[in-house]
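To start, the structure itself, in structure tokens.
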Amino acid sequence: MRHITITDMRVRIVNVPVKATHSHGSGDVSAIRSVVLELVADSGHTGWGEASPWPVFTGTAEASAAALNTHLRPHVVGANALRREQIMAAADRVVVRCSEAKAALEMALLDVVGKTLGLSVGQLIGGRRRNSVPVSFTVANPVFEEDMEIIAHLYGSGVRIFKLKTGFRDHRFDIMRLEKIRETYDEGVDLRIDYNQGLKAVDAIRTLRDMEPFRLGFIEQPTPRDNLEALAAISAAIDTPVMADESVFNPREALVAAQMRLTDIFSLKVMKSGGIARAQEIAAIAGAAGIGVYGGCMFETGLAHLAGAHLVSALPEIDLGCEFYMPTYYAKDDILTEPFPIRNGAVHIPEDPGLGIEVDTDKLDQYTVETLAAPA
Ligand SMILES: [Mg+2]
């Protein structure tokens, strides 16, 4: 087969309700607001993609929707989906940044090509190296008692990795929560913390030294994204591994981060890198530099989680697990025809063609808040 031509595309904004507000060093989140991209091909198959922006982190849903619907459309409709990198290069030429929109585009292209050829996305990106990856749940409820109940419930179902959002209230609140969880579970859980840039650089090292006794798996993005010198100083001063999230989006930033020993770990997210291929490039840089990688996500439905799951299944190393827990443990509903596959504390990678689980179009319609009209 030489051509799989994209004949039509549709862009919509969806709003999926969640069970509780989650608080972070960079603000609160109370819904999953995503952009869903639908690509129709002449093979008769439909490919699905999702852009999941967070305005304080990557960008806005409105910008992602406009990037896809107005600016990327002319480079997608009529294009040969088998020339995925050529299409992605065009996307980079005509729209600066908007990495979530590009992630959605790559995801939908992979999905439609996979469905047409009878191959999973994992097979298209190099082939799976593992069938499952341990999943981390994020503890971010401002009412900690509710989170302790959820942790108990998830522990019972096999989840052993928990990441606390820290720095949104005060240091004593963070210490109290870590003490409670260690008292209850001791070494039975792998605990991590994520400040989402919430600490001031001026006092960060002293604050983080207090966290060393909790034997954390990592400390994620303690300080503001652009202050690379502060982050490098923290990584050098602290024994606990430090992870970059907001500070490393793309291969170029990963290269600079590796050169300056910015952190010990990078969080890979298809939404930051603009798709799976660039995330694999970041993983290659990390691997060459002896830096660990982690399967991170934004506020996503199961659709974007599928892309992340295929990515982590194909990485050379993924020692730290992934956090694709949203549709299972956080959202009230999802837009897939089957539950996102989490069992016994791990994400199990789907094997069916494309992303591996279909979009439920009734659910999609139910949660659509805006369908963009094709430009005249
Ligand atoms: Mg983070």
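The values are calculated or read from the model by the stated rules, or taken from the named source; none is laboratory data. Everything quoted here is computed from the prediction, not taken from an experiment. Positions of Cβ are backbone-derived with ideal geometry, glycine not excepted, and every protein chain shown enters the neighbour counts.
Tabulated data for the structure shown
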item: Residues of the stretch 294-304 satisfying the condition of being within 16 Å of the ligand (Cβ to nearest atom) and either more than 17 Å from residue 99 (Cβ to Cβ) or hydroxyl-bearing (Ser, Thr, Tyr) (or both); result: 294
item: Residues (within 30 Å of residue 140 (Cβ to Cβ), away from the ligand (no atom under 16 Å from the Cβ) and of a type in the set (A, V, I, L, M, F, W, C)) located in the stretch 1-31; result: 11, 13, 14, 16, 18, 20, 31
item: Breaking point among (1) among the hydrophobic types (A, V, I, L, M, F, W, C); (2) farther than 11 Å from residue 247 by Cα; (3) in a helix (DSSP H, G or I), for residue 191; result: (3)
item: Leading residue by the ranking (surrounded by the fewest Cβ atoms within 10 Å (Cβ to Cβ)) among those in the stretch 216-233 that are within 15 Å of the ligand (Cβ to nearest atom) and over 20 Å from the mean Cα position of the chain (by Cα); result: 216
item: Test result for residue 127, in a helix (DSSP H, G or I) and at pLDDT 95 or above; result: no
item: Cβ pairs under 8 Å, 6+ apart, first in the stretch 237-248 and within 23 Å of residue 272 (Cβ to Cβ), second aromatic (Phe, Trp, Tyr) and within 10 Å of the ligand (Cβ to nearest atom); result: 243/294; 246/57
item: Count of residues meeting criterion [away from the ligand (no atom under 16 Å from the Cβ) and outside any helix (DSSP H, G or I)] in the stretch 194-210; result: 2
item: Residues located in the stretch 76-122, provided they are without any contact (Cβ under 8 Å) to a residue 12 or more places away in the chain and either among the hydrophobic types (A, V, I, L, M, F, W, C) or closer than 21 Å to residue 42 by Cβ (or both); result: 83, 86, 89, 96
item: Candidate set from the stretch 249-289 (those that are among the polar types (S, T, N, Q) and either in contact with a Leu (Cβ under 7 Å, 6 or more places away or on another chain) or touching a residue at least 40 places away in the same chain (Cβ under 8 Å) (or both)); member that is farthest from residue 101 (Cα to Cα); result: 263
item: Residue 92 at pLDDT 95 or above and either farther than 27 Å from residue 320 by Cβ or not hydroxyl-bearing (Ser, Thr, Tyr) (or both); result: yes
item: Residues (assigned to a helix (DSSP H, G or I) and within 25 Å of residue 328 (Cα to Cα)) located in the stretch 153-186; result: 153, 154, 155, 156, 177, 178, 180, 181, 182, 184, 185
item: Test result for residue 136, among the small types (Gly, Ala, Ser) and touching a residue at least 40 places away in the same chain (Cβ under 8 Å); result: yes
item: Selection status of residue 248, under 22 Å from residue 105 (Cα atoms), modelled with pLDDT of 95 or more, within 15 Å of the ligand (Cβ to nearest atom) and of a type in the set (A, V, I, L, M, F, W, C); result: yes
